[in-house]
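Working notes for the structure below.
The values are calculated or read from the model by the stated rules, or taken from the named source; none is laboratory data. Nothing here was measured: the structure is a model prediction, and the numbers come from that model. When we count neighbours, we look across all protein chains shown, and the Cβ atoms used for this are built from the backbone with ideal geometry, even at glycine.
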Amino acid sequence: MVLVAVMVATPVSAPVMTAQAQVNPTYASIVVDAETGEVLFARYADSRRYPASVTKVMTLYLAFEALAEGRARLDDRLTISPRAASQPPSKLGLAAGQTISLEDAMKATAVRSANDMAVAIAEHIGGSEARFTAQMTLKAQELGMTHTRYVNANGLPDARQLTTARDLAVLGRAAMRDYPQYYRFFGLHDWSYNGRNYQNTNGLLRTNSGYDGLKTGLTNASGSNIMASAVRDGKRIITVVLGGQSSASRNAHVAALTDTGFEVVRLRRQGERIQVAQTFFEQRGFGNTPSSGPLPPGAGPVQYAQMNDDNEDASITAILNARTTTAPPAAAPPARTPPRAAPAPARPAREPAGRWTVQVGAFRDETVARNWLTEVGRRYSRQFANAERTVQTASGWYRSRFTGMTEAGARAACEALTERRWDCTVIGPN
């Protein structure tokens with residue numbers, strides 16, 4: 001009778017989980033609080049895996065860096081080389097000698113996961129793919145991705161190209177922290193080019209569960225990979241799953257891990273002491289033994305459907321709360337101002353105060369609006385040295401504005417932002 005009771009109480013899915021783990025050595029996962037960097041859950045997170053097309057997050061990170069530093073512009077024309085044109089699918093399929101804007105090449109890389117466009121970007125920014133991938137590896141080391149090496153820009157199979165789930169979480173945090181103005185590329189649901197519409201390979205973006213990026217990947221050697229980020233109630237979580245057996249099971253597992261991460265956040269906010277989140281995850285069935293596999297007990301269909309619009313305000317709203325004051329920004333000026341929500345104290349004016357305003361964003365969240373105002377003021381400290389910072393509210397929107405400027409100063413500042421493709425609006429005296 002005791003034996004029968006034990007058999008009935010044992011979840012049916014447990015043996016299946018163990019069997020999957022034994023035949024799936026490519027699996028690894030990690031769940032990270034994007035703001036603090038706390039690892040909420042990790043399973044084989046430091047074991048080296050093949051990144052597949054998640055590689056393209058680093059490719060785009062270096063493109064963001066080049067844009068922020070003025071070494072490239074979104075309207076640059078890229079000429080497709082024979083090498084880029086010869087890349088296997090997924091690809092956009094331009095022939096050698098054809099041209100495309102850098103912006104469209106980046107969108108093709110993010111949405112279509114276009115291997116040819118990733119190489120075209122690498123050649124445009126690095127001079128050659130080999131030189132660019134050396135820069136990718138160097139950047140990985142600078143970011144603290146200690147187990148990562150790149151040898152190509154698109155993630156096509158190569159035994160030398162390796163990473164870990166933990167390293168990819170570091171990269172995800174860096175992308176949204178260092179380049180909030182470009183993070184929107186990772187959240188595009190779809191993209192139209194030459195009369196054809198392409199949907200993002202990341203199906204989680206078309207859900208109602210707060211997902212707004214980053215990238216998927218798939219090769220026979222890697223399994224089904226994803227680096228996903230979601231925001232709920234002002235909190236951001238990054239989940240990396242490598243080695244999924246299908247995109248459907250991978251997405252279900254990501255959803256279960258992410259949901260559990262947000263549950264930890266919710267319980268902590270209610271005052272519950274969950275000091276070791278890993279234990280909480282394991283109590284939920286995410287691997288009580290080293291042999292545990294990628295699917296949680298009882299994993300079934302997970303209901304999710306859509307999140308943000310694709311406009312920049314929505315994308316920035318979703319990511320600014322994940323910024324930290326400790327990691328170096330990509331295009332930081334010599335003197336950094338720690339990002340704080342409060343407006344900057346009044347300073348002596350170096351020129352007569354004006355009545356013109358520059359608006360740099362409008363958001364649904366006041367904290368996000370203030371954080372963005374601080375960030376823009378930090379990156380463009382010279383242009384806004386004599387301006388006051390203010391967040392004005394109207395119709396449920398919080399508008400980030402620099403006020404008290406002269407007309408010449410406001411127009412010059414907005415021109416500097418526009419040159420780098422940052423949104424801004426000059427507003428004259430009322």
Keeping to the range 232-246, report how many residues are in contact with a Gly (Cβ under 7 Å, 6 or more places away or on another chain) and surrounded by fewer than 23 Cβ atoms within 10 Å (Cβ to Cβ).
2
Residue count, the range 219-232 (criterion: in a strand (DSSP E or B), hydrophobic (A, V, I, L, M, F, W, C) and over 16 Å from SER29 (Cβ atoms))
1
Answer from GLU415, GLU407, GLU366, GLU388 - the residue that is surrounded by fewer than 21 Cβ atoms within 10 Å (Cβ to Cβ), of a type outside the set (S, T, N, Q) and within 21 Å of ARG71 (Cα to Cα):
GLU415
What residue, among those in the range 151-207 that are of a type in the set (Val, Ile, Thr) and part of a loop (DSSP other than H, G, I, E, B), is nearest to the chain's Cα centre (by Cα)?
THR201
Residues satisfying the stated conditions in the range 234-264, i.e. in contact with a helix residue (DSSP H, G or I) (Cβ under 8 Å, 6 or more places away or on another chain) and outside any helix (DSSP H, G or I):
GLY234, LYS235, ARG236, ILE237, ILE238, THR239, VAL240, VAL241, LEU242, GLY244, GLN245
Would it be correct to say that GLU123 is crowded, with 17+ Cβ neighbours inside 10 Å and acidic (Asp, Glu)?
yes
Given the residues GLY172, GLY155, which is the only one that is farther than 17 Å from ALA105 by Cα and buried (at least 23 other Cβ atoms within 10 Å of the Cβ)?
GLY172
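Quick check, is GLY155 within 30 Å of ALA45 (Cβ to Cβ), among the small types (Gly, Ala, Ser) and assigned by TED's automatic domain parsing to the domain that holds ALA34?
Working: within 30 Å of ALA45 (Cβ to Cβ): yes; among the small types (Gly, Ala, Ser): yes; assigned by TED's automatic domain parsing to the domain that holds ALA34: yes.
Against the criterion (within 30 Å of ALA45 (Cβ to Cβ), among the small types (Gly, Ala, Ser) and assigned by TED's automatic domain parsing to the domain that holds ALA34), GLY155 qualifies.
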Restricted to the range 79-107 and to residues being in contact with a strand residue (DSSP E or B) (Cβ under 7 Å, 6 or more places away or on another chain) and in a helix (DSSP H, G or I), the residue surrounded by the fewest Cβ atoms within 10 Å (Cβ to Cβ) is ASP104
Those residues of the range 134-143 which are crowded, with 19+ Cβ neighbours inside 10 Å and more than 20 Å from the chain's Cα centre (by Cα) amount to none
Considering each residue of the range 248-277, count those that are buried (at least 17 other Cβ atoms within 10 Å of the Cβ) and among the polar types (S, T, N, Q), and give that number.
3
